[in-house]
1. Checking the a/c ratio against 1.5 first, then a/b against b/c, what shape does the Cα gyration tensor give for the range B:184-257?
2. Contact order normalised by length for the range B:141-290, with contacts defined as Cα pairs under 8 Å and 6 or more residues apart; what percent is it?
3. If you average the C-alpha positions of the range A:168-190 and of the range B:1-47 separately, how far apart do those two centres end up, in angstrom?
4. Which loop chymotrypsin sites (Phe, Trp or Tyr not before Pro) in the range A:158-264, with loop taken from DSSP, have no more than 15 other Cβ atoms within 10 angstrom of their Cβ?
5. Assuming a ≥ b ≥ c are the square roots of the Cα gyration tensor eigenvalues, decide whether the range A:20-65 counts as rounded (a/c under 1.5), prolate (otherwise, with a/b larger than b/c) or oblate.
6. What net charge is computed for the residues neighbouring A:Ala230, neighbours being all others with C-beta under 15 Å from the C-beta of A:Ala230, Lys and Arg scored +1, Asp and Glu -1?
7. Of B:Lys250, B:Lys189, how do they rank once you tally other Cβ atoms within 10 Å and put the fewest first?
8. Strictly greater than 26 Å: what percent of every Cα pair in the range A:179-337 meets that?
There are 2 protein chains.
Amino acid sequence: MRRVAIAGVGHTDIMFDSPKTEVEMFAEAAMDAINESNLKPNDIQAINCGNALGDFSEGQGMVQSYIADDIGCFNVPATRFESACASATLGIRDAAMWVASGQYDIVLAGGTEKATAMGTPLATRTFAMGEDSRYDSPSGMTFPGFFAMLAHLYCSRYNIPLEKLKEQMAMVSVQSHHYGVNNPHAQFKKERTVEQVLSSFMIASPLQLFDCCPFSDGAAAVVVASEDVAKKLTDKPVYIVGTGQASAGKMSAQYKYLPRIRAREVSVKQAYDMAGLGPEDIDICELHDCFSIASIIAVESLGFADFGHGGELWEKGETKIGSKIPVNISGGLKSKGHPIGATGASQTYEIVKQLRGELVDQGRQVEGARVGLVDTLGGDGLSCNLILKAD
Amino acid sequence: MRRVAIAGVGHTDIMFDSPKTEVEMFAEAAMDAINESNLKPNDIQAINCGNALGDFSEGQGMVQSYIADDIGCFNVPATRFESACASATLGIRDAAMWVASGQYDIVLAGGTEKATAMGTPLATRTFAMGEDSRYDSPSGMTFPGFFAMLAHLYCSRYNIPLEKLKEQMAMVSVQSHHYGVNNPHAQFKKERTVEQVLSSFMIASPLQLFDCCPFSDGAAAVVVASEDVAKKLTDKPVYIVGTGQASAGKMSAQYKYLPRIRAREVSVKQAYDMAGLGPEDIDICELHDCFSIASIIAVESLGFADFGHGGELWEKGETKIGSKIPVNISGGLKSKGHPIGATGASQTYEIVKQLRGELVDQGRQVEGARVGLVDTLGGDGLSCNLILKAD
């Protein structure tokens, strides 16, 4: 199998109530990625597009055909990936495979989502379709409820006082908001304090408003190319050296593992093994912080902290730039925003920019970063991971 | 790249108002395919599942995770493909790639759909999401309207009197109903006459009720394996020797080509070229007869008839068993039924059974069939083709 690299990336601003359609947002990000790769649309041999809620938000199924049409990639194979928040990550992983195998040299992969126009109550309910519709969502469980339950289970399993966890969770959000200020694409560019988080509106106890990421509109795209082609297109190829994917299943099937996400452990092990790397090799990580508790359990399953000790990374400042494992320097889903079906591509965009060393001007470059990890959850546990490496 | 084969297949009955959920229907088909392959669920390394409308019909997004869970394939990578009617075909094509590349040895691919519970008016409207939501569906265009327009354009371009085309279209439906009688999985097992078709309720002129396929519930699945593995699992491996896929785009982008579907011509050429075969090598074809006019234009683009002369194949009986190119001997979407996201897997199931010579008892075996073609449209033209070959 051939080595595979990302030759170019593109990203829209992430925002509330974008005036653009999902097709138009994707086209904006895609054309930036295509131009940055010194390509023309005709050079694209296939498109993989993540999209979760377009059927509901715009009455648009199979958006990929109209995306291909819109950016002038006429009649290419275009495929939609729907796996809730992990949609785009699955699309990038699949694109890497088609290129690694030699079938295609250049595949455009990314995601697009317009989640805000339907309003938070309806978005929350439609988004709960990423749970099992036979057992879980009919019980009234939504994702804030799922992660709130998980936070209580976390305290119970590891004998951590809830008040202590809440402070750790607040520190997660405060850091994300801090770095989001300097990300020009971020939805929120506003510092928050621990006190503000702890006094914010209660959503689903113990999760308060500032423990929760927003719904967002936005798109991101990357050009995936074979090593030979990528080297001709850019002097800063970023290699996809490891990928992993695992499904979760209904909550009751996970009961042995919650508050850990078993699928993430399976998925990231595949990625580490494929890359021949381990957590100690990761210089920077974009992980799935849909809620602050999600960040804490993520660093444990990804191998950056012992189980039951994830929150201490934020207490000790070990997730900051210049420290042990810089996490979500983009601002994460919390501050940068969470355009659901595009989120995995947005995370990948950030890691590529970091590994290229292109964020110095934004004041949030992780100096000397060579290896980065993308971590995305879809629904109640489906996981997908990518490991990227600078040349 | 390795040769890839189908080692086992499974298929539910196709029906109106199934008492089962999409997960349960898929599990039924999948377990049949797994058992027929002499495998256990734990042997499955990845799952690709086509599903189009589950978000609306059952409030179930990313159904693939719950499918994996349900059949005991815990934590495997499970991916949903949504491309309207072509969803499952894309999933099978993708599975073939992952196996051909050597990344996986055994992938389960198929589709599931529960389209009837929402009722025909709502299903017709939600299904129209497979058109461009910016330009096409807001005009009131649904798929009966799209294909009705196409029928008029067909008459106009090729100077065929509408009454003559209507008779040809009726013959398409009559043949499909004839063969469907002997398919135990078919939704309709009832002969129809040309007179009955021509006197049926008008849906969208010139398409009458019996020119239109139904909405259906059902699932189908196939086990895709490397040649080496498949030969150990079955003495009748059926090889996937060619695949193709192409996107279409909004209707106005296709104006030069309608009433041809340009994407189909691009897609089937990829499949023929990959297989080193041409239309003259195809012994049997399952094609996308969502409406009777769709069959007529399909045989032209697939290379079985000259443009403007597709309907003559049915007039001359050349699409019947024992004739030039047996078409839709399963009964097709018209009689067998159209479980949208499962249809491509259902077509593949039929071709595999034919190439294995296993339909003698059903009285619809195409004797000596060695090479079969699967043809699926998604939305207003996205196309996917598979060429299958007996050992």
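No value in this document is a laboratory result; all are computed from the given coordinates. None of the values given here were measured: they were computed from a predicted structure. A quick note on method: Cβ atoms are made from the backbone with ideal geometry, for glycine too, and the neighbour counts reach across all protein chains shown.
1. Numbers: a/c = 3.44, a/b = 1.54, b/c = 2.23.
Note, shape of the range B:184-257 comes out oblate.
2. On the way: 124 pairs, mean separation 27.9, N = 150.
About 19 percent, as a whole number.
3. Spelled out, the Cα-based centre of one part sits 45 Å from the other.
4. Working: sites: A:Tyr158, A:Tyr179, A:Phe188, A:Phe201, A:Phe210, A:Phe215, A:Tyr239, A:Tyr255, A:Tyr257; in loops: A:Phe188, A:Phe201, A:Phe215, A:Tyr255, A:Tyr257.
The qualifying sites are A:Phe201, A:Tyr255, A:Tyr257.
5. Values: a/c = 3.22, a/b = 2.03, b/c = 1.58.
Prolate, since a/c reaches 1.5 and a/b exceeds b/c.
6. Every neighbour counted, the sum reads 0.
7. Details: B:Lys250 20, B:Lys189 15.
The order, fewest Cβ neighbours first, is B:Lys189, B:Lys250.
8. On the way: 4618 of 12561 pairs.
For the range A:179-337, the share of Cα pairs beyond 26 Å comes to 37 percent.
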